[in-house]
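Read through the structure below, which is laid out as structure tokens, and then see the notes.
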Amino acid sequence: IPIPVNYNRGDGKFNWKPVMSIGCTTGSGGKSSPSKLLSSWLMRRKPDAACQIGSKQSDIEFKFDEGLKEEAYRLDISKDKITITGNQSGWVRGAAALVMLLEDDGWAVCQIEDEPRFSWRGMHLDVCRHFFPIDRVKRLIDVMALHRMNTFHWHLTDDQGWRIAIDAFPKLAEVSAWRDRDGQPSGGCYSKQDVKDVLAYADERNIQVVPEIEMPGHARAALAAFPELSCNGGPFEVANTCGIFDDVYCAGKDATFEFLEKVLAEIVQLFPGPYLHVGGDECPKVRWKECPDCQGRMRKEGLKDENELQSWFITKMGKTLQLTGKHMVGWDEILEGGLPPSAVVMSWQGTQGGIEAARMGHDVIMSPTSHCYFDYRQSDEPEEPGNLGRIPLETVYGYEPVPSELDPLAASKIFGVQGNIWTERMPTWKLVEYMALPRLCALAEVAWSPASKKNWDCFQSRLTNHLS
């Protein structure tokens, strides 16, 4: 899991050896060899295993082939040797497949040719409602990599907490990262070194990390430290409950944009990837309607209503990001009133936002609540944890990300699919993993495998062994 494009089973086995030797040819483009990563994965599967890296006569060999597509790989398991062929990203995907194929005493002889269907295969993690240390974040990244997913969407700011240190504004870590829970302070903040540690870990597994810095709504945590950036001046506390709050960043004050531009300047320097998520969702316009600064901004810019003010806000921040070489990603509310040409739309309110954005020529990541929200309950059992509706495993597996009503040109703009983990009701990591798995396995197959290969009965059969 996920099922490959082509798989041919042969006769016999490659038997596990007391010491497995792993080698790698040149051509890794200066990146670290995948041998160490494969060794760590294998030893996790077999705690008594021993792996020797760098041997000239290798049991497992990585071969470089620049002619293969990004993330594509060939895996050849014979009775006496295993070869993984690809470029750097393909090596990692092939290594993950090899780990998943391991049986107790070795591997069945087979040949695999494989490549991904979608270029963005993502998982989102909300660390704002509940803070999780970086060893847990790394654990999710490992699970993603083993299922050949490639994008970790790190939701770092919201009403309930601000989770990343910003040198220009130390109060974000001191005030905005903490809230009162039953009379006790709860929260936490990642240092820049923490973030660099996670980024290095993800990079070794060829996973891009996309940070999310929410704007203009979901800003209560930031406003608790800087109430002057609101429309009415506060005071505010970091939100103690989930929900949508009327107090958002003031769109009429220049100080709001000076603050956000300084924050983004540090985020851009820290995260090397091409994307930055700005949220853009669930922004009430109540305060803007009452705010003389916001109304003045609308008159100055010739905006007819508050929806256009939000579009102006998002477009302004999009231009700021564009100057840094980043692509802005936002939830589908950024479509309200228009959006920057280079913006990527993440369709969560069903699929209509994605359809509209694709027809407008925007790149689209499909992530609808109907199939991709893993905070929803998995069953109707009374003790089942979760939120809102029900999304069982079969529903996730049955998802087709490319809407049938799109013509071929618009359909080509659907370049990704993503699952989301919102943690309002997940105070422990055990709950996070319970809610994510095995639905993540199903979504991984939706994102990676050809649509023609999907078969629910076949998936269930493979999942039986996979769960162990």
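The values are calculated or read from the model by the stated rules, or taken from the named source; none is laboratory data. This structure is a prediction, so every number in the text was calculated from the model and none was measured. Neighbour counts are summed over all protein chains in view; Cβ atoms, including those assigned to glycine, are modelled from backbone coordinates with ideal geometry. Ligands, DNA and RNA are stripped out before the accessible areas are found, and what is left, the full protein with its side chains, is counted by its heavy atoms. Shrake-Rupley method; radii C 1.70, N 1.55, O 1.52, S 1.80 Å.
Can you confirm whether region 238-253 contains a residue that is part of a helix (DSSP H, G or I) and either among the aliphatic types (A, V, I, L, M) or over 23 Å from the mean Cα position of the chain (by Cα) (or both)? So far as region 238-253 goes, no, none of its residues is part of a helix (DSSP H, G or I) and either among the aliphatic types (A, V, I, L, M) or over 23 Å from the mean Cα position of the chain (by Cα) (or both). Of everything listed in (1) open to solvent by less than 30 Å² (accessible area, probe 1.4 Å); (2) out of contact with any Pro (no Cβ under 9 Å at 6 or more places or on another chain); (3) within 26 Å of M317 (Cβ to Cβ), the single unmet condition for K196 is (1). In region 172-183, of all residues being over 25 Å from the mean Cα position of the chain (by Cα) and within 12 Å of V238 (Cβ to Cβ), the one that is most open to solvent (accessible area, probe 1.4 Å) corresponds to E174.
Pull out all pairs, ordered by first then second residue, where Cβ-Cβ is under 6 Å, the residues are six or more apart or on different chains, the first lies in region 253-272 and is farther than 22 Å from A202 by Cβ and open to solvent by less than 50 Å² (accessible area, probe 1.4 Å), and the second is of a type outside the set (D, E) and part of a loop (DSSP other than H, G, I, E, B). Taking only residues 6 or more apart or on different chains, the pairs are T256/Y249; T256/C250. Looking only at residues in region 392-416 that are of a type in the set (S, T, Y) and assigned to a loop (DSSP other than H, G, I, E, B), the one that is nearest to M435 (Cα to Cα) is Y399. Note on region 167-194: residues that are on the phi < 0 side of the Ramachandran plot and either part of a strand (DSSP E or B) or at pLDDT below 95 (or both) total 8. Taken over region 349-404, the criterion of being among the acidic types (D, E), surrounded by 14 or more Cβ atoms within 10 Å (Cβ to Cβ) and in contact with a strand residue (DSSP E or B) (Cβ under 6 Å, 6 or more places away or on another chain) is satisfied by D363, D375. Quick one: would you say L276 is more than 30 Å from A96 (Cα to Cα) and not in a loop (DSSP other than H, G, I, E, B)? Answer is no for this residue. With respect to R117, is the statement that it is touching a Cys at 6+ places or on another chain (Cβ under 8 Å), open to solvent by 10 Å² or more (accessible area, probe 1.4 Å) and in a loop (DSSP other than H, G, I, E, B) true? No: the conditions fail for R117. Residues that are surrounded by 15 or more Cβ atoms within 10 Å (Cβ to Cβ), at pLDDT 95 or above and under 23 Å from P403 (Cβ atoms) do not occur anywhere in region 300-308. Among the strands (runs of 3 or more DSSP E) confined to region 46-113, the ones with at least 2 residues that are closer than 14 Å to K17 by Cα and open to solvent by 10 Å² or more (accessible area, probe 1.4 Å) are located at 51-53.
Confirm whether M123 is part of a loop (DSSP other than H, G, I, E, B), open to solvent by less than 10 Å² (accessible area, probe 1.4 Å) and under 29 Å from M43 (Cβ atoms). Considered against the rule, which asks whether it is part of a loop (DSSP other than H, G, I, E, B), open to solvent by less than 10 Å² (accessible area, probe 1.4 Å) and under 29 Å from M43 (Cβ atoms), M123 comes out as no.
The number of residues in region 146-166 that are assigned to a loop (DSSP other than H, G, I, E, B), open to solvent by less than 10 Å² (accessible area, probe 1.4 Å), closer than 18 Å to V263 by Cα and of a type in the set (A, V, I, L, M, F, W, C) comes to 2. In this structure, is L323 more than 30 Å from L437 (Cβ to Cβ) and at pLDDT below 95? When the stated conditions are applied, L323 passes them. Taken across region 199-218, residues that are over 16 Å from the mean Cα position of the chain (by Cα), closer than 18 Å to D254 by Cα, outside any loop (DSSP other than H, G, I, E, B) and not hydroxyl-bearing (S, T, Y) do occur, with at least one present. If you go through region 39-53 one residue at a time, do you hit one that is β-branched (V, I, T) and either touching a Phe, Trp or Tyr at 6+ places or on another chain (Cβ under 8 Å) or farther than 15 Å from C110 by Cβ (or both)? Looking through region 39-53, at least one residue is β-branched (V, I, T) and either touching a Phe, Trp or Tyr at 6+ places or on another chain (Cβ under 8 Å) or farther than 15 Å from C110 by Cβ (or both). Restricting attention to region 1-23 and to residues that are free of Cβ contacts under 8 Å to residues at least 60 places away in the same chain and either open to solvent by 50 Å² or more (accessible area, probe 1.4 Å) or not in a strand (DSSP E or B) (or both), the residue that is nearest to I53 (Cα to Cα) turns out to be V19. Looking only at residues in region 418-466 that are farther than 23 Å from H124 by Cβ and open to solvent by 70 Å² or more (accessible area, probe 1.4 Å), which one is modelled with the lowest pLDDT? Here the answer is N465.
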